[in-house]
Amino acid sequence: MTDSKRPITSATGQTTGQRFEQLIDITTKLRSREGCPWDREQTLKSLRSFLLEETYEVLDALDRGDLAELEDELGDLFFQVVFLCQIAAESRAFTIDNAIEKIIKKLVRRHPHVFGPDNGTTAKTTLSTSSEVRGQWEELKAQERAKKESRRGLLDGVPTKLPSLLRAFEIGSRVAAVGFDWKTDADVVDKIEEEISELRQAINVDSSEQREEEMGDLLFSIANLSRKLGVEPEAALRCANRKFCSRFGKLEERFRVEGQHLQETTLEQMEAAWQAVKNET
């Protein structure tokens, strides 16, 4: 039986802590005068695109269920976190130890049913279902946010750089926490039908701005239906994109085998092939 309190060791015989220290040392070396010119040039701002890229590669591996790829991509993402902390430490903003301490305190504070209540809170210490845990987590999160944003609006803290569907999801979650929400899933569906009707009207108007506005309203409502249904919209759309690409690839292969180019086929032919591919999957 494995002792859960014993440090985990790698194939090299090093503990997880030792490997972590090695990664920090490597990152520090890369940023030093004797290190890599490219790594030295990076800033907190310049690393944003790399962080986003690595995050999406992790999500892609998760969606495909590729654990070997997930292992590799998590390492890349982990390095981005260490890299960002190293740059912050150089400017004396904070260290990786500070960041770890923050998350440790947060996890303990938001799990009073596991670690006991935090001083000054009225959180429940006995929870029996995941829905109760989730509800209390959101309550504690809202209390923390209220302390930070005592002079700010409820939505001011929603990151503007989030993918728009995810941001709409988060906006809906924030306002729902204070009771500003549709009562039922059906109410959101009615709202979507209303937005579709308004979009139909905008299509007949020679105004790209109005079409964009109505399309945005429709997408916002769809994101909130996803929230009500417990479906993460970005994940759902990634799945739909992946399914479409897979089916279209099979459609292309059908015509390739027949010696036809897509540019030479009619829409009716492509539609027939598409339906055939759908029936196979």
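The values are calculated or read from the model by the stated rules, or taken from the named source; none is laboratory data. If you're wondering where the values come from, they're calculated on a predicted model, not measured in any experiment. Here the Cβ positions follow ideal geometry from the backbone for every residue, glycine too, while neighbour counts run over all protein chains shown.
From the list Ala61, Ala88, Ala99, pick out the single residue that is modelled with pLDDT of 75 or more and within 18 Å of the chain's Cα centre (by Cα). Write out each step before concluding.
On the way: Ala88 fails: within 18 Å of the chain's Cα centre (by Cα); Ala99 fails: within 18 Å of the chain's Cα centre (by Cα).
Selected residue: Ala61, the only one of Ala61, Ala88, Ala99 that is modelled with pLDDT of 75 or more and within 18 Å of the chain's Cα centre (by Cα).
Which residues, taken from the stretch 55-105, are more than 15 Å from Thr28 (Cβ to Cβ), surrounded by fewer than 17 Cβ atoms within 10 Å (Cβ to Cβ) and either in contact with a strand residue (DSSP E or B) (Cβ under 8 Å, 6 or more places away or on another chain) or small (Gly, Ala, Ser) (or both)?
Passing the criteria: Gly65, Ala68, Gly75, Ala93, Ala99.
For Ser208, state whether it is out of contact with any Gly (no Cβ under 7 Å at 6 or more places or on another chain), of a type in the set (Ser, Thr, Tyr) and more than 26 Å from Leu154 (Cβ to Cβ).
Values: out of contact with any Gly (no Cβ under 7 Å at 6 or more places or on another chain): yes; of a type in the set (Ser, Thr, Tyr): yes; more than 26 Å from Leu154 (Cβ to Cβ): yes.
In short, yes.
Select from the stretch 32-73 the residues that are among the aliphatic types (A, V, I, L, M), in a helix (DSSP H, G or I) and within 21 Å of Thr95 (Cα to Cα) and list them in ascending order. Before you say what the answer is, go through the steps one by one.
First, the residues of the stretch 32-73 that are among the aliphatic types (A, V, I, L, M): 44, 47, 51-52, 58-59, 61-62, 67-68, 70.
Among the residues that remain, those that are also in a helix (DSSP H, G or I) are: 51-52, 58-59, 61-62, 67-68, 70.
The answer is Leu51, and nothing else.
Tell me, please, whether a residue that is outside the structural domain of Ala176 (by TED's automatic domain parsing), within 30 Å of Asp181 (Cα to Cα) and within 30 Å of the chain's Cα centre (by Cα) can be found in the stretch 240-263.
Here is the first cut: in the stretch 240-263, the ones outside the structural domain of Ala176 (by TED's automatic domain parsing) are 240-263.
If we keep only those that are within 30 Å of Asp181 (Cα to Cα) too, we end up with 240-241.
Okay, now just the ones that are also within 30 Å of the chain's Cα centre (by Cα), so 240-241.
Taking every residue of the stretch 240-263 in turn, at least one turns out to be outside the structural domain of Ala176 (by TED's automatic domain parsing), within 30 Å of Asp181 (Cα to Cα) and within 30 Å of the chain's Cα centre (by Cα).
In a helix (DSSP H, G or I), under 18 Å from the mean Cα position of the chain (by Cα) and surrounded by 14 or more Cβ atoms within 10 Å (Cβ to Cβ): does that describe Ala168?
Numbers: in a helix (DSSP H, G or I): yes; under 18 Å from the mean Cα position of the chain (by Cα): yes; surrounded by 14 or more Cβ atoms within 10 Å (Cβ to Cβ): yes.
Spelling it out, Ala168 is indeed in a helix (DSSP H, G or I), under 18 Å from the mean Cα position of the chain (by Cα) and surrounded by 14 or more Cβ atoms within 10 Å (Cβ to Cβ).
Please tell me if Phe248 is more than 24 Å from Asp60 (Cα to Cα) and of a type in the set (A, V, I, L, M, F, W, C).
Values: more than 24 Å from Asp60 (Cα to Cα): no; of a type in the set (A, V, I, L, M, F, W, C): yes.
Considered against the rule, which asks whether it is more than 24 Å from Asp60 (Cα to Cα) and of a type in the set (A, V, I, L, M, F, W, C), Phe248 comes out as no.
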